[in-house]
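K.L.:
I'd like to ask some things about the structure below.
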Amino acid sequence: MTPFTVRRLGPGDEVARADLFGPAVWHWHAKADGQPIGFLMAYVHQQRHVMFDEIGVREG
């Protein structure tokens with residue numbers, strides 16, 4: 001595998017932020033009693049197919 005690094009986005013990362021928060025990326029956040037309990041992230045492809053990429057649910 002090719003080595004890679006992971007880092008938090010910060011100042012100067014506007015292109016990456018535009019990709020993550022563009023109209024082709026959908027985010028949903030679930031709350032109960034004001035507390036986060038889950039999330040869902042999906043990408044809409046050019047052919048209008050939706051790919052669900054991440055689903056997170058907090059143990060209840």
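The values are calculated or read from the model by the stated rules, or taken from the named source; none is laboratory data. On a predicted model such as this, the values are computed, not experimentally measured, just so you know. What goes into the accessible areas is simple: the full protein's heavy atoms, side chains included, and nothing from ligands, DNA or RNA. Shrake-Rupley method; radii C 1.70, N 1.55, O 1.52, S 1.80 Å.
K.L.:
How much length is gained if the chain between Ala32 and Ala18 is pulled fully straight, taking 0.36 nm per residue apart and subtracting their Cα-Cα distance, in nm to one decimal? Don't skip to the answer; put the middle values down first.
P.N.:
Values: separation 14, 0.36 × 14 = 5.04 nm, distance 2.92 nm.
The span from Ala32 to Ala18 would gain 2.1 nm if fully extended.
K.L.:
Return one whole number: the accessible area per residue of the chain in Å², for a 1.4 Å probe. Please list the in-between numbers first.
P.N.:
Working: 5570 Å² over 60 residues.
For the chain, the per-residue accessible area is 93 Å².
K.L.:
Let me ask another. In whole Hz, what ³J(HN,Hα) sequence does the range 48-55 give by Karplus (6.51, -1.76, 1.60; θ = phi - 60°), x for Gly and Pro?
P.N.:
Along the range 48-55, the couplings run 6, 7, 10, 10, 7, 9, 9, 9 Hz.
K.L.:
Further, regarding this structure: In deg cm²/dmol, rounded to 500, what helix-only [θ] at 222 nm does the chain give when every DSSP H run of at least 4 residues adds -39500 (n - 2.57) and the total is split over its residues?
P.N.:
Numbers: 1 runs with 7 residues, N = 60.
Value at 222 nm, helices only, nearest 500: -3000 deg cm²/dmol.
K.L.:
Ok, one more. Which value, to two decimals, describes the C-alpha radius of gyration of the chain once divided by 2.2 N^0.38 Å? The partial results should precede the final answer.
P.N.:
On the way: Rg = 14.7 Å, N = 60, 2.2 N^0.38 = 10.4 Å.
Computed over Cα atoms of the chain, the ratio equals 1.41.
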